[in-house]
Each structure stands twice: as structure tokens, then as C-alpha cells.
Amino acid sequence: MTGLRLAVLASGSGSNFEALVTALHAQSPHRVVLLLGDKPGLGAYARAERLGVPWQLVPYQGRPRAEAEADLNRRLQAAGIELVVLAGFMRLLGADFVRAWKGRLVNIHPSLLPRHPGAHGIADSYASGDTELGISIHWVDEGLDSGPLLRQASFARPAGASLAEVEARIHALEHEHYPQVVRLLADRAAASMPVGWGERV
Ligand code: GRF
């Protein structure tokens, strides 16, 4: 099977980026060939250097979002990217960009969507008192964390668990499931049987 060329977009520490690279490069023909970040100094860049994945900064500050997204798009095209994986990318993507990548653009969110969308999924889940906590992996559409779900994974909140404990459980679930789902999406795309919009995996 010919492997796919993947890009990861990140705004933070990049632990999901690292989990993806480690799993995919060890166990599949697919390759993360580019990390794109939206601001300087991200922890994700240091991981990319350690892992030997090229990274680029796509500046958002000081220019309209549409311009930044056109830049993003150009870099993805130039690198021959076939699947775009958002991993802690804290920007809402505009309709043109989302339409251009529909069915090839996936995100992970640290709550059981549709509960607790937005930038504080873990803290909001924790504060809600929900007894079931977890993660959602979904296609990206024009809304905020609103695209069709590909997979959810959850656990029962342990009695008396601290926010830090819950956070660690959620990240562990992310690092387990995101590489699995991305691998499946890439395998299916490589076999010309892409996972459909609305299909769960
Ligand atoms: C993850 O919890 C992800 O679900 C959320 O942002 C966090 C990114 O963490 N969207 P990292 O940068 O992958 O460590």
C-alpha cells in the first residue's frame, strides 16, 4: 500500500502530534511530512525537531484570517498533503478552507461532543459534574467542534478525581485513539475507499 502524506496543525505542546508520528511511522506506510503552527515558540516545534519532521510557522497575527488560511492552504498543497490532522490547533477555520479540505480534515476534542465545545473542553467537562468524561474525534465542518463524529471514547469519572487526574486520563485516551483513527482514515483513503462523512470508525 502506498502511504499518505499527512500534515498536522498545532498551537500547543504537540503531545498528540508526537503520538501520531510515533505510531504512524512505526506501524504504517503513512508519513507526517509537515507540522504547521500558528505562532512562534510552540512546544510542538521542539518535538518535530526531535522526531525529524519539518515544521513551519504560518503567522496569523497582524493579517486577516483569510490571508493566513490561504497561506496555510498553499503550504499544504506545495507539500502534497492528502490528509490534514488538527491536534490542538486553536483557530476556527473559515468556510473556504474547510470546503477545500472537506473529508480530508479531522480534529480531536477533549470532551464528549456535543457537550463542552470550545477552547476549554477539559475544564468545562470537569466543572460540569458530568459522570462520563472522554474525547471526540470528528470531521471538521464550518462550525465550532461540530462536524460529524468518527469516534468517541470515554471513562467513568473516578470519585474525587482532581482536574489534573482527569486531564491526564483524557490525554492518555487521545494518544491511544487518535493514531488509530488517523491510521484507519489513511488506510482507507490509500485503498480508494475513503471513510464517508457520517461514518463511525
Ligand atoms: C488536546 O487536549 C486536544 O484535544 C485539544 O488541545 C489539546 C492539545 O494538546 N484540542 P497537545 O498540544 O496535543 O499536547
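Summary of values
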quantity	calculated
Residue list for segment 9-27, restricted to those being of a type in the set (A, V, I, L, M, F, W, C), within 13 Å of GLY37 (Cβ to Cβ) and within 9 Å of the ligand (Cβ to nearest atom)	ALA10, PHE17
Selection count where residues are part of a loop (DSSP other than H, G, I, E, B), surrounded by fewer than 16 Cβ atoms within 10 Å (Cβ to Cβ) and either at pLDDT below 95 or not charged (D, E, K, R) (or both), scope segment 57-93	7
Tally of residues being buried (at least 17 other Cβ atoms within 10 Å of the Cβ) and within 14 Å of the ligand (Cβ to nearest atom) across segment 155-166	1
Hey, HIS177 within 12 Å of the ligand (Cβ to nearest atom), within 24 Å of LEU34 (Cβ to Cβ) and assigned to a helix (DSSP H, G or I) or not	yes
Qualifying position, being buried (at least 22 other Cβ atoms within 10 Å of the Cβ) and under 22 Å from VAL201 (Cα atoms), among LEU113, LEU150, LEU144	LEU150
Selection count where residues are in a loop (DSSP other than H, G, I, E, B), touching a strand residue (DSSP E or B) at 6+ places or on another chain (Cβ under 9 Å), under 30 Å from ASP71 (Cα atoms) and away from the ligand (no atom under 15 Å from the Cβ), scope segment 94-140	4
Whichever residue in segment 167-194 is touching a strand residue (DSSP E or B) at 6+ places or on another chain (Cβ under 7 Å) and hydrophobic (A, V, I, L, M, F, W, C) and, among such residues, is surrounded by the most Cβ atoms within 10 Å (Cβ to Cβ)	VAL182
Sole residue being within 14 Å of the ligand (Cβ to nearest atom), surrounded by fewer than 17 Cβ atoms within 10 Å (Cβ to Cβ) and not basic (Lys, Arg), chosen from GLY41, GLY37	GLY41
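The values are calculated or read from the model by the stated rules, or taken from the named source; none is laboratory data. Since the model is a prediction, treat every value here as computed from it, not as a measurement. As a convention, Cβ positions derive from the backbone with ideal geometry for all residues, glycine included, and neighbour counts pool all protein chains shown.
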